[in-house]
């Protein structure tokens, strides 16, 4: 952020803080560490410590609890952080307008595995085609991690596969999805003419996504009555690893249809018809309720809503 303004004026009076001090506060609150905040801001550790101390001294407040060399943001700091983040984002937009730059700005996007690996590449490509001077940083992780990073203002917005309830997060329904159970072509369930029963699922060996992922959340909800009795042999974080394990005959699994189209087409994996399992779900766009919706964020949201299919 190229904000180097210090002597801000408001109704003729100088403000008691600078944008640089607010940037320092935000960086330290993200990292809980002065040296990492200094590296992010390209400042010395002493300059970061001095700016933070000046901010607290000017208002006679404490924003962090000092535990040895570690800083832990306190209740006041947590309450102020969303407002500081929104204020700095607005200041950055204002600076671009003052410079008459029609730039939508850089974005930090967090996406869960299915969305990040199978849907986001085309979205990023189109976004950057619309805004060639902008950069998009994409992080792929599970739902819990993405939600936590939005709450910490480490990323601008998230795209997740499961529901996540938090009073500070706004969940925007995006598109429908459905999971499907599958196995290798040589598995007994792939070669039966009989309907697949609950007993069949309990007898099978399962390879599933890890707890905390949106895919696992949907699966657990669908089989909640059977879950304690399922033989879960492996829990893996990566979709491709699960597909390879199932292809190798280690068990059966359940993933989004989006991730399985090519494997089904070439016949290396086989879908299982289990109509009594409700494996439907929604994808969501997630943003902090206090996050300032910059031109870049608005452009990304609009692009996503145009790409529902």
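Each reported figure results from applying straightforward, stated rules to the coordinates on display, with no laboratory input. Just so it is clear, the model here is predicted, and its values are computed rather than measured. When we count neighbours, we look across all protein chains shown, and the Cβ atoms used for this are built from the backbone with ideal geometry, even at glycine.
Just checking the listed ones, 69, 16, 205: in the Gaussian network model of the chain with Cα springs under 10 Å, the one fluctuating most is 69. If you wrap region 183-268 in the convex hull of its Cα atoms and look at it from every side, the mean projected area works out to 5.5 nm².
With the simple spin-label model, which puts each label point 7 Å out from Cα in the Cβ direction, the residue 40 to residue 191 separation comes to 5.6 nm.
Among 295, 199, 190, the residue with the largest mean-square fluctuation in a Gaussian network model of the chain, with springs joining Cα atoms closer than 10 Å, is 199.
Hey, what angle do you get for helix 295-306 against the long axis of the chain, alpha-carbon based, 0 to 90 degrees rounded to 10? Value to nearest ten degrees: 20. Each peptide in 18-24, 174-180, 123-129 receives the mean, over its residues, of other Cβ atoms within 10 Å, and ordering these scores from highest gives 18-24, 174-180, 123-129. For region 177-281, what proportion of DSSP beta bridges, expressed in % and rounded to the nearest 5, is antiparallel? Around 55 percent of the beta bridges assigned by DSSP in region 177-281 are antiparallel ones. Distance between the 7 Å Cα→Cβ label points at residue 154 and residue 276: 4.3 nm. To the nearest ten degrees, helix 75-98 and the longest principal axis of the Cα atoms of the chain are 80 degrees apart. Once a ≥ b ≥ c are taken as the square roots of the eigenvalues of the Cα gyration tensor of region 125-202, is the result rounded (a/c under 1.5), prolate (a/b larger than b/c) or oblate (a/b not larger than b/c)? Judged from the Cα gyration tensor, region 125-202 comes out prolate (a/c at least 1.5, a/b above b/c).
Gyration tensor over the Cα atoms of region 90-236: the corresponding equivalent ellipsoid has semi-axes (square roots of 5 times the eigenvalues, largest first) of 41, 17, 11 Å. Taking one quarter of the surface of the convex hull spanned by the alpha-carbon atoms of region 9-80 gives a direction-averaged projected area of 5.0 nm². Taking a point 7 angstrom from the Cα of residue 72 along the C-beta vector, which residues in region 23-59 have backbone N less than 14 Å away? The answer is 32-33.
Given the options 269, 226, 63, which has the most mean-square fluctuation in a GNM of the chain, springs set between C-alpha atoms less than 10 angstrom apart? Looking only at 269, 226, 63, the biggest GNM fluctuation is shown by 226.
Derived value for the chain: Kirkwood hydrodynamic radius 22.1 Å. Basis is the mean of 1/r over every pair of different alpha-carbon atoms.
Secondary-structure-derived ellipticity at 222 nm for the chain, considering helices only, amounts to -12500 deg cm²/dmol, per-run term -39500 (n - 2.57) for DSSP H runs with n ≥ 4. Between residue 163 and residue 47, the FRET efficiency estimated from the beta carbon spacing at R0 = 30 angstrom works out to 0.10.
Could you give the angle, 0 to 90 degrees to the nearest 10, between helix 19-31's Cα long axis and the longest principal axis of the Cα atoms of the chain? Computed tilt is about 30 degrees.
Across region 141-163, the residues whose backbone nitrogen lies under 14 Å from the label position 7 Å along the beta-carbon direction of residue 241 are 141-142. As a test, work out the antiparallel percent of DSSP beta bridges whose residues both lie in the chain, rounded to the nearest 5. Roughly 65 percent of the DSSP beta bridges within the chain come out antiparallel.
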